[in-house]
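Presented below is the structure to which this report refers.
A short reminder: the numbers here are calculations on the coordinates, not readings from a lab. Quantities reported herein were computed from a predicted structural model and do not represent experimental measurements. Note that we place each Cβ from the backbone using ideal geometry, even for glycine, and neighbour counts take in every protein chain shown.
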Protein chains: 2
Amino acid sequence: MSDFQFEIVKHIKTLSTNAKGWSKEFNLVSWNKRAPKYDIREWDEEHLKMSKGITFTEDEIAELKEGLIDI
Amino acid sequence: MSDFQFEIVKHIKTLSTNAKGWSKEFNLVSWNKRAPKYDIREWDEEHLKMSKGITFTEDEIAELKEGLIDI
C-alpha cells in the first residue's frame, strides 16, 4: 500500500457508527494527492482502514442534493 | 446469482452517466425481498448489472441531508 496515499481534507458528517467502531462518513478526500472529491465510505476509528466507497464530483453532489429534497 | 434478488422500488435520481452507459443512481432498493433501503451505486443501462455501492438507513439519510446543507 506504499504507493497509495489519501488525506481526509474535510470531515463533513458522520452518518452512523457501528458496534465495531467503524463509522460511515461523508468527507472530502484527496486520493494520491489529486484534487479532493466528495466521498462516502466506512472508516475504522483511527481512520487508517476504510471500506470500499463512492466518490462524487461537484455535479453528482448537486444532483444528490436535488434527489434528497424529493424524499 | 439465483439466490440473490433485488428490486428497484423507486428511482430517485440519476447522478451521472458515463461513456459506457453506466449510471450512478440514488434509488430505493429492496434486497432479497427485505424492506427497501436507500442506495447509491452504478448500474448498467438495463439495470441488470451493478457496481458495489452503499446503502443507507433513514437515519443515515437524515445525517447526509444535514451534511449537504453545510457544503
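Computed from phi, the 3J(HN,Hα) profile of region A:24-38 under the Karplus parametrisation 6.51, -1.76, 1.60 (θ = phi - 60°) reads 8, 10, 9, 9, 10, 10, 9, 9, 6, 6, 7, 4, x, 10, 5 Hz, with x in place of Gly and Pro. Remark: mean inter-chain Cβ contacts per residue of B:42-48 equal 0, using a 10 Å Cβ-Cβ cutoff to other protein chain atoms.
The helix-based estimate of mean residue ellipticity at 222 nm for the protein assembly as shown, built from -39,500 (n - 2.57) per DSSP H run of four or more residues and divided by its residue count, is -6000 deg cm²/dmol to the nearest 500. Between copies, the label points at A:SER16 (set 7 angstrom from Cα along Cα-to-Cβ) are spaced 2.6 nm, reported in nanometres from shortest to longest. Potential lengthening of the chain between A:ASN32 and A:VAL9 amounts to 7.0 nm, from the contour at 0.36 nm per residue minus the alpha-carbon distance. Taking a straight line from the alpha carbon of A:LYS20, these lysines sit under 19 Å away, with near neighbours fewer than eight places off in the same chain left out: A:LYS49, A:LYS52.
Can you list the lysines whose alpha carbon sits under 21 Å from that of B:LYS65, skipping same-chain ones fewer than 8 residues off? Straight-line reach from B:LYS65, under 21 Å: A:LYS10, A:LYS13, A:LYS24, A:LYS37, A:LYS65, B:LYS10, B:LYS13, B:LYS24, B:LYS37. Distance from the Cα centroid of region A:3-23 to that of region B:10-42 is 23 Å (rounded to whole angstrom). Would you please classify the overall shape of the protein assembly as shown from the alpha carbon gyration tensor, given that a ≥ b ≥ c denote the square roots of the eigenvalues, rounded means a/c under 1.5, and beyond that prolate means a/b larger than b/c while oblate covers the rest? Rounded, because the longest to shortest axis ratio a/c is under 1.5.
Charges at C-beta only: +1 for Lys and Arg, -1 for Asp and Glu. How large is the resulting dipole of region B:6-69 about its Cα centre, in Debye rounded to 20? Write out the running numbers ahead of the final one.
Working: 11 positive and 12 negative charges, 37 e Å.
Magnitude of the dipole: close to 180 debye.
Of the GluC sites (Glu not before Pro) found in region A:1-67, those that fall in a DSSP loop while having at most 13 other beta-carbon atoms within 10 Å are A:GLU45, A:GLU46. Seen from A:VAL29, the other residues with C-beta closer than 9 Å to its C-beta sum to a net charge of +1, counting Lys and Arg as +1 and Asp and Glu as -1. Computed about the Cα centre, the dipole magnitude for the protein assembly as shown is approximately 260 debye when only Lys and Arg (+1) and Asp and Glu (-1) carry charge, each at its Cβ.
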